[in-house]
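K.L.:
Sharing a structure, written as structure tokens. Questions coming.
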Amino acid sequence: MVKAAGEIDLSNTATFAAALADTEGPLVVDLTEVLYIDSAGMSVLFTHAERTELITSRLLTPILEMSGLTSMATVRHAEE
């Protein structure tokens, strides 16, 4: 499991991408403490979407839906 917090943006996507790339097989990414994600961060998630389960808060749900990521990756809310 990879757990992210705060903001995922151009300033830290290299670190985020490296953390995801270092994980073999199915990947669980906990985004419940992420307050903001920009297009660079979304691009990292799209790269691993086929093998990823995202745990997210309701705050990020509209962004994930609008981007189409919810049709490519498994997404569940922390409240579920």
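The values are calculated or read from the model by the stated rules, or taken from the named source; none is laboratory data. Note that the structure is predicted; figures quoted are calculated from it, not measured. The area values use the complete protein model at the heavy-atom level, side chains included, leaving out ligands, DNA and RNA. Shrake-Rupley method; radii C 1.70, N 1.55, O 1.52, S 1.80 Å.
K.L.:
Rolling a 1.4 Å sphere over the protein heavy atoms, what is the accessible area per residue of the chain, to the nearest Å²?
P.N.:
56
K.L.:
If you roll a 1.4 Å probe over the chain with all protein chains in place, what percent of the accessible area is carbon or sulfur?
P.N.:
56
K.L.:
Below 8 Å between Cα atoms, with a sequence gap of 6+, how large is the relative contact order for the chain in percent?
P.N.:
Worked out over the chain, it gives 31 percent.
K.L.:
Taking θ as phi - 60°, what are the ³J(HN,Hα) couplings along the stretch 15-29 by the Karplus curve (6.51, -1.76, 1.60), each to the nearest whole Hz, with x for Gly and Pro?
P.N.:
5, 4, 4, 5, 5, 6, 5, 6, 9, 8, x, x, 10, 10, 10
K.L.:
Per residue of the chain, what 222 nm ellipticity follows from adding -39500 (n - 2.57) for every DSSP H run with n ≥ 4, rounded to the nearest 500?
P.N.:
So the helix-based figure for the chain works out to -8500 deg cm²/dmol.
K.L.:
Of the listed values (i) 21.0, 56; (ii) 11.1, 31; (iii) 12.0, 35, identify the label whose number matches Rg and Dmax of the Cα atoms in Å calculated from this model.
P.N.:
Evaluating Rg and Dmax of the Cα atoms in Å on these atoms matches (ii).
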